[in-house]
Amino acid sequence: MVKYRRNFIPGGIYFFTVALLDRQSNWLTKYIHQLTAAFRRVNAIHPYQTLAMVVLPDHLHTIWKLPEKDANYSLRWRYIKTFFAKNLQKCGIKIDKNRYGENILWQRRFWEHTICDEIDYARHVDYIHYNPMKHGLVNSICDWPYSTFHKYVKEGLLPNNWCGQDNGLNVE
């Protein structure tokens, strides 16, 4: 079995990709309120700062900054996945289980990348915000509601008509 090596840096900034097992599903956007509740519940127990995020129908990307003496992002993802599944079950949605009794809603693993500098950070933020267009979900970034892009516009960090490609950025 492959032993995954994760980079654990207390107070680190990380980019994540987390996906549903069924990549044809739309449950993350269809049940966005249940997903948001899971994120809020975990953040109340194990704080982190969300610097950028986009939620697509079957996967999400986010950048987190962890507290100075904490590097346990795996625990946070385990809880988010669990709480989202439980929130769906409370809504009467049946979630299949594997032979070990585990929900099979999410892919077991997630992609993690440690942000190494400001350029790396900027590229990942751009990638996050451009993702709905990359997947053909919208023709304009501002039309996708499940993104921190709107926060960046409100704070004056990006124009409302930003499109990633127009800035000479390699977002694909």
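Computed values, structure above
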quantity: Which numbered condition Asp58 fails, given (1) charged (D, E, K, R); (2) within 16 Å of Phe8 (Cα to Cα); (3) under 12 Å from the mean Cα position of the chain (by Cα); calculated: (2)
quantity: Index of the failed condition, Ile141 passing every other in (1) surrounded by 14 or more Cβ atoms within 10 Å (Cβ to Cβ); (2) more than 18 Å from Ser25 (Cβ to Cβ); (3) of a type outside the set (Gly, Ala, Ser); (4) within 16 Å of the chain's Cα centre (by Cα); calculated: (4)
quantity: Breaking point among (1) assigned to a helix (DSSP H, G or I); (2) without any contact (Cβ under 8 Å) to a residue 12 or more places away in the chain; (3) exposed (fewer than 14 other Cβ atoms within 10 Å of the Cβ); (4) not hydroxyl-bearing (Ser, Thr, Tyr), for Val153; calculated: (3)
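Conditions (1) among the basic types (Lys, Arg); (2) in contact (Cβ under 8 Å) with a residue 12 or more places away in the chain; (3) closer than 26 Å to His150 by Cβ, marked per residue:
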| residue | (1), (2), (3) |
| --- | --- |
| Leu21 | no, yes, no |
| Ser25 | no, yes, yes |
| Thr36 | no, no, yes |
| Ile45 | no, yes, no |
| Gln49 | no, yes, yes |
| Val55 | no, yes, yes |
| Asp58 | no, yes, yes |
| Asp70 | no, yes, no |
| Trp77 | no, yes, yes |
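Rundown of residues vs (1) within 26 Å of Glu155 (Cα to Cα); (2) in contact with a helix residue (DSSP H, G or I) (Cβ under 8 Å, 6 or more places away or on another chain); (3) of a type in the set (Gly, Ala, Ser), yes/no style:
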residue	(1), (2), (3)
Phe15	yes, yes, no
Ala52	yes, yes, yes
His61	yes, yes, no
Lys69	no, no, no
Ser74	no, no, yes
Phe84	no, yes, no
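Rule-based calculations on the coordinates, nothing more; no lab input. Just so you know, these numbers come straight off a predicted model, no measurement behind them. For neighbour counting, all protein chains shown are included, and Cβ atoms are generated from backbone atoms with ideal geometry for every residue, glycine included.
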